[in-house]
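Step one of this worksheet: look at the structure below.
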Amino acid sequence: MKNENVNDQTILKNIQIKMLEQRITQVDLTAHLGLSAAVFNMWKDGKSKSYMKYIDKIADYLGVSVDQLQDTRETEMPDHLTENEKKLIHKLRTLTPDQRQLVFNIFENLP
């Protein structure tokens, strides 16, 4: 059930945070929903809010409740992140699972 008082961008940000935490790519999510990968970019760009009609399926796929996706506290990002750290997080979100694993392997081997 959608809480009409919640900003749709809050929901989308929470979806992205949960995806990052679980290493789920945009391609993974849209494929699960039977949508093209380009749809996610439309969501991020604010060109479509069609994710709202999939909110129950998205929450189920992410293993969270719809209420958790609507929770404004979920979107709070640490203030201490530098611009470079934010860029790294953004780039990690766009990688395939294999690419992401390669990056994690490189990080683990750094001194």
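Taken together, the values in this text are just the output of simple stated rules run on the coordinates, not laboratory data. All of these numbers come straight from a predicted model, not from anything done at the bench. Please note: Cβ atoms are built from the backbone with ideal geometry, for glycine as well, and neighbour counts cover all protein chains shown.
Structure values in brief
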{"read-out": "Value of Rg/Rh across the chain [Cα atoms, Kirkwood radius]", "value": "0.98"}
{"read-out": "Computed [θ] at 222 nm, helices only, for the chain once each DSSP H run of length n ≥ 4 contributes -39500 (n - 2.57)", "value": "-17500 deg cm²/dmol"}
{"read-out": "T96 paired with L81, simple spin-label distance in nm, labels 7 Å along Cα-to-beta-carbon", "value": "2.5"}
{"read-out": "Listed peptides 95-104, 13-22 by packing density, highest first (mean Cβ within 10 Å)", "value": "13-22, 95-104"}
